[in-house]
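The values are calculated or read from the model by the stated rules, or taken from the named source; none is laboratory data. Because the structure is predicted, anything quoted here is derived from the model rather than measured. Quick reminder, even Gly has a Cβ in these numbers, built from the backbone with ideal geometry, and neighbours come from all protein chains shown. These accessible areas exclude ligands, DNA and RNA; they are computed on the full protein's heavy atoms, side chains included. Shrake-Rupley method; radii C 1.70, N 1.55, O 1.52, S 1.80 Å.
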Amino acid sequence: MFGRAGGKNDADSGPIVPVSPSQALKPEMAPPPPRRSRRARNQVVVFLNFILSLVIFVAIVGIGIFWYGKTEFEGRGPLDQTTNFMVRDGAGLNQIAAALERQGIIDNQRIFSIGAKGVLGEDTLKAGEYEIKAHASMLEIVELLQSGKSILYSFTVPEGQTVQQVFDRLKADEMLQGDLPEEMPAEGALLPETYKFSRGTTRAEIVEQMAKAQTRALEQVWERRAPDLPLETPEELVILASIVEKETARADERPRVAGVFINRLNRGMRLQSDPTIIYGLFGGAGKPADRPIYKSDIEKPTAYNTYVIDRLPPTPIANPGREAMEAVANPSRTKDLYFVADGTGGHAFAETLDEHNSNVARWRRLESERAKALAAEKAEAAKAAASRAAEGEAGTQDD
């Protein structure tokens, strides 16, 4: 066996000399650890080391919390199926977050609030009713509520309805809130159209929207009107448009019907429109469905009966749509002075009274034939009902 000669200080540098086996197996003494310097034992250094360790620890914990929050904020939500969520006007972020958690749309309102503040910046969550998709993440919900793309409902006003009839429809719409205005707008002041609104919209807001839409539409139509119309004001255009609206529901006929009335005004003829009789008798409520127009009605003097008065009635008789106003502003250029229903849903037009009388006679024949056919159908139905009743009675007697 060999070992190194020399003392402790030159154990690594002395010559290798033989030693006994027992000496070779003895472990050598390990060198003592180096002594800490005075600088390392300084209290300031110890304190700085502690602070550094604490900062590192806090940073690690912060990163972990941030990563957990980010994962929760962007991960799939707990909602099992698509649902609607209402953000009330004036609701704060914390209120919204609490409501979302209460309805099971999110898991943690605190993470939602903190994450939403980071996404929104100076922006806010918009009031309205929103459709939240199943398993939507908090981030997706924040972006949806921030966009203001809430669920929209429709309110449709058909052309030719009176203000009173429009108010009746508004009152019956359950999606709208609030009372109607105490005072009705003037007849013809509302534009028939389909209006989109979110939950929480009031009836008064829809009325205001309709009135503004009519004002804009009338201004545009009046600017584009033909230069030689016998109409002095935009209000007169609305009056005549309301009559055209009530006379025909066919878009392709409106300019021609308007042309008939324009021709009659130019010649100083009375308009002789049946809808003006009805409005003069029943006003905005409209004629009952089972009430015909009698001959005495045609001769009854009212402010609206154009069989009696000259020129136009004092106000519109309904709310005309944009197409009816455009038809009056730019009517068909014809010599027609008369029209009557033709039995197909349209009208037969005529330039002369003789031609018109022929059209009226044809219409009356069609009406008579239809009445006879209807009476025959009713008689046949009554006969069949009586036969079934008789058979049922005979069967009862046999039993």
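Determine the sum of side-chain charges near H135: Lys and Arg each +1, Asp and Glu each -1, restricted to other residues whose C-beta is under 9 angstrom from that of H135.
+1
Using the Cα atoms as the points, what is the convex hull volume per residue of the chain in Å³?
Hull volume over Cα atoms, normalised by residue count, gives 439 Å³.
Sequence gap at least 6, Cα distance under 8 Å: using those rules, report the relative contact order of segment 192-344 to the nearest whole percent.
Normalised by residue count, the contact order of segment 192-344 is 34 percent.
Just for the Cα atoms in segment 58-163, what are the lengths along the principal axes, largest first, rounded to whole Å?
Rounded to whole Å, the extents work out to 72, 31, 18 Å.
Would you work out what percent of the accessible area of the chain, with all protein chains in place, is carbon or sulfur (probe 1.4 Å)?
Looking at the chain in its full context, I get 53 percent from C and S.
Provide Rg over Rh for segment 190-315; use the alpha carbon set for both Rg and the Kirkwood Rh (inverse mean inverse pair distance).
Result: Rg/Rh = 1.01.
Cα convex hull of segment 145-219: how many Å³ per residue?
Looking at segment 145-219, the number lands at 96 Å³ per residue.
Averaged across orientations, what area in nm² does the convex hull of the alpha carbons in segment 320-382 project?
For segment 320-382, the mean projected area of the Cα convex hull comes to 6.2 nm².
Using Cα pairs under 8 angstrom and six or more residues apart, how large is the relative contact order of segment 124-219, in percent?
30 percent
Treating only the Cα positions of segment 186-226 as identical point scatterers, give the base-10 log of I(q)/I(0) from the Debye formula at each q in 0.21, 0.34 Å⁻¹.
Summing over Cα pairs of segment 186-226 leads to -0.69, -1.16.
Let me check I've understood the local charge: for G268, count other residues with C-beta under 11 angstrom from its C-beta, Lys and Arg +1, Asp and Glu -1. What total comes out?
Spelling it out: positives minus negatives among the neighbours equals +3.
Work out the FRET efficiency for F57 and I114 from their Cβ-Cβ distance, taking R0 = 35 Å, and round it to the nearest 0.05.
Plugging the Cβ-Cβ distance into 1/(1 + (r/R0)^6) gives 0.95.
Kindly sort Y153, Y195 by accessible area of their heavy atoms, largest first, with the probe set to 1.4 Å.
Most to least solvent-accessible, the answer reads Y153, Y195.
Please go through segment 210-255 and write out the trypsin sites (Lys or Arg not before Pro) that DSSP classes as loop and that have at most 15 other C-beta atoms within 10 Å.
For trypsin sites (Lys or Arg not before Pro) across segment 210-255 that sit outside H, G, I, E and B with at most 15 neighbouring Cβ atoms in 10 Å, the list reads R224, R250.
Once segment 285-393 is represented by equal point scatterers at the alpha-carbon sites, with solvent omitted, what log10 I(q)/I(0) does the Debye formula produce at q = 0.14, 0.20 Å⁻¹?
Result of the Debye calculation: -0.90, -1.40.
Leaving out ligands and nucleic acids, and using a 1.4 Å probe, what accessible area per residue does segment 146-285 come to in Å²?
Averaged over the residues of segment 146-285, the accessible area is 49 Å².
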